[in-house]
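Below is one structure, written out as C-alpha cells, with a few remarks after it.
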Amino acid sequence: MIDKKFKISGKTFKSRLIVGTGKYKSFKECAKAIKISGAEIVTVAVRRVNISDKNKARLMDYIDPKKITYLPNTAGCFNAEDAIRTLRLAREIGGWKLVKLEVLGDKKNLFPEMIETLRSTELLTKEGFKVMVYCNDDPLMAKRLENAGAVAIMPLAAPIGSGLGIQNKVNIKIIRQQTKLPLIIDAGIGQASDATIAMELGCDGVLINTAIAKAKNPIQMAEAMKLAVISGRKSYLSGRINPNLFGSASTTNKGII
C-alpha cells in the first residue's frame, strides 16, 4: 500500500503522534518531551491550563503555537453546555476552530457520555468548529459522529490514563473499515507496543499523554512512542503474512541433501 498523507480538516501533518500537555512535572519537561516526540499537534485542556494570563506561567511560553498546532480540548466537561462554552472560550482566546471534544459521563471511569457527545458535535459543527471527537469504541456511534460532521474519530483504547492498551481490536478494525475520516486512538495507551498495535490496526494516529508524562523517564518514553508509531505504520503498510496454526519452513525441500 502507498502511504497517504495524514490530514485533519485539510491540514497535513508529518507526525502521526499527538501528545497531551497535562501531568508533567513542569512546562519545561513537557516541552522537551514534545520536541523529542516529533509531535506537531498538542492537546490543551482549556479548563485546566493557563493560556491567557500573562502574569502566570503559560504553556505558550514553552511551546510556540505558531510552530505546534494547539488542539484545545474539553477535559473536565460532563455535559454539552459546558463543552460548548469551553470551546467558544478557546475560540475567543486564540481563534482556534480545530478542537477536541471530550464529554465525560462519570468521574471514576471517565468514559465518554455519548448522547451528550453526539449533541455537542452537531451543535459545534453548525457553529463552524472542526470537531475531533473522543468516543467509545462503538462502530455505530462512530458512524453517527461522522454523519454529524466530525472531522476525526477518536475512540478510546481503554479508560483514560489506565495504560491498559487496546482492549477491543475488533471494534477498532470495524470503525477503520467503515470510515474515511482520520481514526486516532485516544486514551489507554500504556507503552510503545500499544501504539504500534494501534497503527498496525490501520489507525491514522495515536494520542498519548499519561503514558509519556508519568513514565519514569518521560523524555525517553516520548522518543519510544515516536518510533513505535512510525514502526506500526510501516508494518501496516507492508501487509502482514496470514496467520497460520501450523509451521511453515523458511526454505523449500527442493534440492535437499
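With the requirement that a residue be free of Cβ contacts under 8 Å to residues at least 60 places away in the same chain and either surrounded by 20 or more Cβ atoms within 10 Å (Cβ to Cβ) or not in a loop (DSSP other than H, G, I, E, B) (or both), what does the range 191-220 give you?
Listed by number, the residues that qualify are A192, S193, D194, T196, I197, A198, E200, C203, A211, Q220.
Only residues that are over 14 Å from N147 (Cα atoms) and buried (at least 17 other Cβ atoms within 10 Å of the Cβ): list them for the range 105-128, please.
Answer for the range 105-128, where residues must be over 14 Å from N147 (Cα atoms) and buried (at least 17 other Cβ atoms within 10 Å of the Cβ): G105, L110, P112, E113, M114, E116.
Here are some residues: A39, A33. Which one is over 20 Å from A150 (Cβ atoms), under 17 Å from the mean Cα position of the chain (by Cα), outside any loop (DSSP other than H, G, I, E, B) and of a type outside the set (S, T, N, Q)?
That would be A33, the only listed residue that is over 20 Å from A150 (Cβ atoms), under 17 Å from the mean Cα position of the chain (by Cα), outside any loop (DSSP other than H, G, I, E, B) and of a type outside the set (S, T, N, Q).
Of the residues that make up the range 159-181, is at least one free of Cβ contacts under 8 Å to residues at least 40 places away in the same chain, under 16 Å from the mean Cα position of the chain (by Cα) and in a strand (DSSP E or B)?
no
For the structure I just gave you, tell me whether K66 is under 21 Å from the mean Cα position of the chain (by Cα) and surrounded by fewer than 17 Cβ atoms within 10 Å (Cβ to Cβ).
yes
Is the range 244-257 home to any residue that is under 28 Å from the mean Cα position of the chain (by Cα) and either in a helix (DSSP H, G or I) or at pLDDT below 95 (or both)?
no
Is there a residue in the range 118-133 that is of a type outside the set (D, E), under 16 Å from the mean Cα position of the chain (by Cα) and over 21 Å from K97 (Cα atoms)?
Checked against the condition, which is being of a type outside the set (D, E), under 16 Å from the mean Cα position of the chain (by Cα) and over 21 Å from K97 (Cα atoms), the range 118-133 yields no hits at all.
With the condition kept exactly as written, say whether any residue in the range 57-72 is over 24 Å from I185 (Cα atoms), among the hydroxyl-bearing types (S, T, Y) and part of a loop (DSSP other than H, G, I, E, B).
Checked the range 57-72: at least one residue is over 24 Å from I185 (Cα atoms), among the hydroxyl-bearing types (S, T, Y) and part of a loop (DSSP other than H, G, I, E, B).
Scan (1) closer than 30 Å to R240 by Cβ; (2) under 16 Å from the mean Cα position of the chain (by Cα); (3) in contact (Cβ under 8 Å) with a residue 24 or more places away in the chain for the single condition D3 breaks and write down its number.
Exception for D3: condition (2).
When the range 136-168 is examined, which residues are found to be over 24 Å from G22 (Cα atoms), small (G, A, S) and crowded, with 17+ Cβ neighbours inside 10 Å?
Answer for the range 136-168, where residues must be over 24 Å from G22 (Cα atoms), small (G, A, S) and crowded, with 17+ Cβ neighbours inside 10 Å: A142, A148, A150.
The values are calculated or read from the model by the stated rules, or taken from the named source; none is laboratory data. None of the values given here were measured: they were computed from a predicted structure. Backbone-built Cβ (ideal geometry, glycine too); neighbour counts: all protein chains shown.
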